[in-house]
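Here is the structure we will look at, set down as structure tokens.
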2 protein chains.
Amino acid sequence: MKPLQRLTILGLGLIGGSLAAALKQRGLVAETLAWGRREASLARGRELGVIDGYSLDLATAVAGADLVVVATPTRTVEAVLAELGPLLQQPGQAHTLVTDVASVKGNVVAAAAALGPARSRFVPGHPIAGSERSGIAAARPDLFRGHRVILTPTEATDPAAAEWVETLWRQTGAEVVTMGVEEHDAVLAATSHLPHLLAYSLVDTLASSSRGEAVFRYAAGGFRDFTRIASSDPVMWRDIALANRRALLAALTDFNHHLAELQRAVEAGDGDHLMAVFERAKAARDRFASQMQPSATMSQE
Amino acid sequence: MKPLQRLTILGLGLIGGSLAAALKQRGLVAETLAWGRREASLARGRELGVIDGYSLDLATAVAGADLVVVATPTRTVEAVLAELGPLLQQPGQAHTLVTDVASVKGNVVAAAAALGPARSRFVPGHPIAGSERSGIAAARPDLFRGHRVILTPTEATDPAAAEWVETLWRQTGAEVVTMGVEEHDAVLAATSHLPHLLAYSLVDTLASSSRGEAVFRYAAGGFRDFTRIASSDPVMWRDIALANRRALLAALTDFNHHLAELQRAVEAGDGDHLMAVFERAKAARDRFASQMQPSATMSQE
């Protein structure tokens, strides 16, 4: 594909930095700028060679950009889009495309109304990749290799813009999938947001019980794996839980219903019911274990 | 310690086989016999050099044994103890000690009444170790190294017998801890049995939803780790859930209470409550991550 003349990353953390690094490594961008609230991260990004320059002023950072990637924390995406709206209507910005990397898409798509006419050039996206580490220092060009990126273009999205963003993500080694906004949020609620809620809840239940944290002394490897995601960033997951509230509650209601049935089976000593559930779950888990993505991701799913 | 003249393993799977291999490797046993229902496993154990001989007849296998280790599946321990009772009252068996390796101790201790006077020579135990693999072919002498073994002697247990079994387990490289039967079952319900129930239940909920197993395509590493224990042996976990029914239900009730609070917080958009839970959980999980046992254990916890 034709290289970008100017790429601007808003929020230079693990995801934004890794995307910048991946595109630079493949020679797909002539100049990469960044904007953010913490100058230290931006300066570090320049030191690392991930970006070529930065500004703390949004208008300066996005001026003349071919592509703007909104990679700020979930809770700030709406405010950033609102600020971005008027800037994209300035002279010389008529070609600027915008995408984002937030874990929840419904609230982002709603907020994209603030982009006004530029809304057609906004392609909502979500790379399902991450690392136990966060921040620009953890960025690496191969972060997305072999991982999925979900794009959720809406009726307002120019199909050419969506196609272009899809092609760009493919260059990072990612497998790009397109689905509806509601479908995305429901699928992620089930496979990521609900498991995080359950893991946090279980660890807090045990730690705050009368036995206290002493109980963890007797935990084995199964418990360690099961609760690994409870070590994820609380701020990020609070924001995701609230941003995807409706779909998360629907997934939780479903889960509670199944768990209550299992509870009744244990109470009744109904081994057949337990076997049926355990066998179905094992079969499903075994079938799809090989299809699941390879590296442990915690901070951004 | 003085070597055993004769060790008899009842049920030659991963755990029984690994204990036999560990004791043999350290020269702590002159002769190891085994008993089981499946001759193939016993023959394989002899081929592998883990045992020196075997019998399909329980009386023959335990005759003259210094130590009998009940390592059969959870659901058969009670029947084996009942059969063992009269044999331990035979001439020449007055010195025979008995221990077991089952994951739940309450039902085993209750069943130990069948041992009659030999009950004082029974030391209930539970090595918190395992592997994704099972069966005698997966046995290895270092399986218990660095892992915990919990012993739950009762008032009926001869303290000298408990001390002797403790010393023996230490020789395998395990760290031995003693606790009450109820305490053991409550702790294991919380850290192992409940997590298995939740993992099985979540995977089955998602797999049986309208989206079906397609949903797993978008799962990331966090989900893979969270659901790893749902690939465990359904028969073993059905038996554990039923054997530890009371403690498991108590742990589940506790968990449900906390999860309902979290659900209300999500419904109400109460970010402060979410942050408080997520932060406490992360802090507890991080503090104890380093104390948790090193290798992934699935089949026997």
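When restricted to residues that are surrounded by 23 or more Cβ atoms within 10 Å (Cβ to Cβ), of a type in the set (A, V, I, L, M, F, W, C) and facing another protein chain (nearest Cβ under 7 Å), region A:216-251 contains 10.
Just one of the listed residues (A:THR205, A:THR152) is closer than 28 Å to A:SER232 by Cα, of a type in the set (S, T, N, Q) and in contact with a Lys or Arg (Cβ under 7 Å, 6 or more places away or on another chain), and it is A:THR152.
Restricting region A:252-283 to residues that are more than 7 Å from chain B (Cβ to nearest Cβ) and not hydrophobic (A, V, I, L, M, F, W, C), the residue that is nearest to the chain's Cα centre (by Cα) is A:THR253. Applying the criterion of being outside any loop (DSSP other than H, G, I, E, B) and without any contact (Cβ under 8 Å) to a residue 60 or more places away in the chain to the residues of region B:139-156, the residue that is surrounded by the most Cβ atoms within 10 Å (Cβ to Cβ) is B:VAL149.
Output the residue which, of all residues in region B:1-27 that are part of a helix (DSSP H, G or I) and touching a Gly at 6+ places or on another chain (Cβ under 9 Å), is surrounded by the fewest Cβ atoms within 10 Å (Cβ to Cβ). This residue is B:LYS24. None of A:ALA214, A:ALA220, A:ALA230, A:ALA160 is closer than 19 Å to B:ARG224 by Cβ and free of Cβ contacts under 8 Å to residues at least 24 places away in the same chain except A:ALA220. With respect to being at pLDDT below 95 and in contact with a Ser or Thr (Cβ under 7 Å, 6 or more places away or on another chain), B:ASP254 falls outside the description. Checking each residue in region B:157-213 for being among the polar types (S, T, N, Q), in a helix (DSSP H, G or I) and away from chain A (no Cβ under 14 Å) picks out only B:THR167.
Set side by side, the residues A:SER201, A:SER299 differ, and just one is among the hydroxyl-bearing types (Ser, Thr, Tyr) and at pLDDT below 95, which is A:SER299. Among the residues of region B:75-115, those that are hydrophobic (A, V, I, L, M, F, W, C), closer than 17 Å to B:VAL181 by Cα and in a loop (DSSP other than H, G, I, E, B) comprise B:VAL101, B:ALA102, B:VAL104. Taking region A:43-73 as the range and being free of Cβ contacts under 8 Å to residues at least 40 places away in the same chain, over 18 Å from A:LEU115 (Cα atoms) and assigned to a helix (DSSP H, G or I) as the test, the residues that pass are A:ALA43, A:ARG46, A:GLU47.
Within the set A:ALA59, A:ALA71, A:ALA34, the sole residue that is surrounded by fewer than 24 Cβ atoms within 10 Å (Cβ to Cβ) and not assigned by TED's automatic domain parsing to the domain that holds A:ILE240 turns out to be A:ALA59.
The values are calculated or read from the model by the stated rules, or taken from the named source; none is laboratory data. For clarity, every value in this text was computed on a predicted model and none was experimentally measured. So basically every Cβ, Gly included, is an ideal-geometry build from the backbone, and we count neighbours across all protein chains shown.
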